[in-house]
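Okay, structure first, notes after.
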Amino acid sequence: MRVALGVAGGIAAYKAAELLRRLQDRGLEVQVVMTEAAREFVTPLTFASLSGNKVITGMFAEGGGEPNLASAIEHIAVAQNIEALVIAPATANLLAKLAAGLADDFLTTLCLATKAPIILAPAMNVNMWEHPATRLNVETLRQRGVQILEPDEGYLACGMSGAGRLASVEAIAQAMFVALGLQDDLQGETVLVTAGRTEEPLDPCRFLSNRSSGKMGYALAEAARRRSARVILISGRASLEPPASVAIERVRSGEEMARAVEKHREEATVFLMAAAVADFRPAQVESAKLKRQAGAPVLKLEPTTDILGAVARRRKPGQLVVGFAAETENVLQNAAAKLRAKRLDLVVANDVTQEGAGFEVDTNIVTLLFPGGRRVALEKMSKREVAHRILDAVVELRSECAAEQARPAAWSSKQLRKIPGTRK
Ligand code: CTP
């Protein structure tokens, strides 16, 4: 995962080297970008040696002369390739330039050109930090969605005391991890994700399938991995690159998927059943291709195994089961019925007929339905964001489940029914 670390010219610039190390420890590939003034405090060589990458210090070729178009283009490519940008330290001057939308060097150009989340960690003299001009700039940037990590209070390099010290390296690194969806809150969980569409063979050349792209399931697998879960991805057809560090098992039919899920059923602690499994398959698979001359065949279909239903029925205490409901009408009623009938911990419902939701597209519009009747309708967002919101709900369910299980033994049967795995 590529990110950029911007360093502006302040006395705290040396701390950016420590931050670089912290980001690398988490497996991030870091492109360092320094302002002209930053080079007065730390040499680019320090960052180049630590990051193993060339440090970007200007828009154009070093040493004056003709502007180097190739390098300017290469630099702009950084804006598109990074998943987050952090600037530490961010000076008062830099905040002012960003608030005004200036782009007079590489770092400010990058801030305008990138669509990645931006985190600023200001550090400066207390009077500069408290100056109405800086307050206004900070407010303007916040309103534009830039995250500002307030400086700490303490003794400042200028000899004064007050707010202005760069936030701790750990706090800045954590803010980056959160922006990248790299929290640790699924550590210790084994998340089994089903994704993609199944293909139910009819003859050696044909099958029955559906329009699912697998994007939602793959986004879930990736998001769970980023949040430190061990991930088993059982994938039907999907033309997507599997996320890194995820154990993937590829299957074709619903029966193959059912077998793969069964193989890992004991070890999984969370099931996210996002696959579009065929509900019916041809009752008979022809060994030879059906020929046109033989006339139109009448297809007899039979039901496939309900994988989600089986997992939910046989779950052990503590296993959380999340189902999906892709509907075209009466979305919430149908989803609520699925939640009850299959005794799930969560159902993610979407109306696949809505624009920006469902098959093939990169966005989704879903409602989360919880057993107690609570419903959370999410606005249209990327499938990646939806994945994180679903995982937030899983983390919430996990803590409720842990709290319930920690209670003393004298339970009413009504209370017992509330614990996943003990419902009758
Ligand atoms: N599912 C499954 N096995 C099947 C069919 C569906 O595990 N054979 C899972 C899907 O992965 C999804 C959920 O069940 O999480 C809902 O799938 P869907 O086809 O929408 O619902 P069904 O329960 O099959 O009911 P219906 O088709 O009547 O809506």
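Brief remarks on what is shown
- Nearest-0.05 FRET efficiency for Val285 and Ala171, computed from C-beta distance (R0 45 Å): 0.15
- Ala244-Asp104 FRET efficiency (beta carbon distance; Förster radius 56 Å; 0.05 resolution): 0.90
- Extension gain, Asp25-Glu404: 0.36 nm per intervening residue step, less the Cα-Cα distance, totals 132.8 nm.
- When peptides 295-304, 308-317 are sorted by average Cβ neighbour count within 10 Å, with the highest value leading, the order is 308-317, 295-304.
- Angle of helix 215-226 to the longest C-alpha principal axis of the chain, folded into 0 to 90 degrees and rounded to 10: 50°.
- Normalised by residue count, segment 2-180 yields a Cα convex hull volume of 106 Å³ per residue.
- Karplus 3J(HN,Hα) series, Hz, for segment 343-358 with 6.51 cos²θ - 1.76 cosθ + 1.60 (x for Gly, Pro): 6, 8, 8, 6, 10, 9, 9, 9, 9, 6, 8, 6, 5, x, 9, x
- Scoring 3-10, 165-172 by mean Cβ neighbours within 10 Å over their residues and listing the highest first yields 3-10, 165-172.
- Length gained on full extension, Ser161 to Asp306: 45.7 nm, using 0.36 nm per residue less the C-alpha separation.
- Of Glu139, Glu266, the residue with the largest accessible area leads and the full order is Glu266, Glu139 (1.4 Å probe).
- Taking the DSSP bridge list for the chain and keeping only pairs wholly inside it, about 35 percent are antiparallel.
- Out-of-range pairs (alpha-carbon distance over 21 Å; input Lys263/Lys316; Lys215/Lys316; Lys215/Lys380; Lys263/Lys289; Lys263/Lys383): Lys215/Lys316; Lys263/Lys289; Lys263/Lys383
- In this structure the chain gives 49 Å² per residue of accessible area when probed at 1.4 Å with all protein chains present.
The values are calculated or read from the model by the stated rules, or taken from the named source; none is laboratory data. Note that the structure is a prediction, hence the values are computed from the model and not measured. Note: ideal-geometry Cβ built from the backbone for every residue, glycine included; neighbour counts use all protein chains shown. These accessible areas exclude ligands, DNA and RNA; they are computed on the full protein's heavy atoms, side chains included. Shrake-Rupley method; radii C 1.70, N 1.55, O 1.52, S 1.80 Å.
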